[in-house]
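Notes to accompany the following structure.
The values are calculated or read from the model by the stated rules, or taken from the named source; none is laboratory data. These numbers come from a predicted model, not from an experiment. Positions of Cβ are generated from backbone atoms using ideal geometry, with glycine treated the same way; all protein chains shown enter the neighbour counts.
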Amino acid sequence: MLEELETLSNKLAELVTHVRALKDENTRLRAQTTAATAELAALRAKVTAATERMDALLARLPQEDEPADAKAR
């Protein structure tokens, strides 16, 4: 009986250790997710800004009446 209680106590201690490790890992992963989400938002903003700049540059290009390959004929 005493041996069974000792075994149970050891298993419980292992479980507590494992739960603490998982909790710490969960905290780290949440922080990484938050950082990745912020980085993604920043990258999306950069892509949007670059797209707007490209659209503005394309709008400034002179318009051709016919495609370039048609002029070569």
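Being part of a helix (DSSP H, G or I), exposed (fewer than 10 other Cβ atoms within 10 Å of the Cβ), at pLDDT 95 or above and hydrophobic (A, V, I, L, M, F, W, C) holds for only one residue in LEU57, LEU15, LEU29, LEU40, and it is LEU57.
Figure legend. Inter-residue proximity from segment 44-73: first residues on the phi < 0 side of the Ramachandran plot, second residues assigned to a loop (DSSP other than H, G, I, E, B) and at pLDDT below 95, beta-carbon distance below 9 Å, spacing 6+ or different chains. Indicated pairs: LYS71/GLU64.
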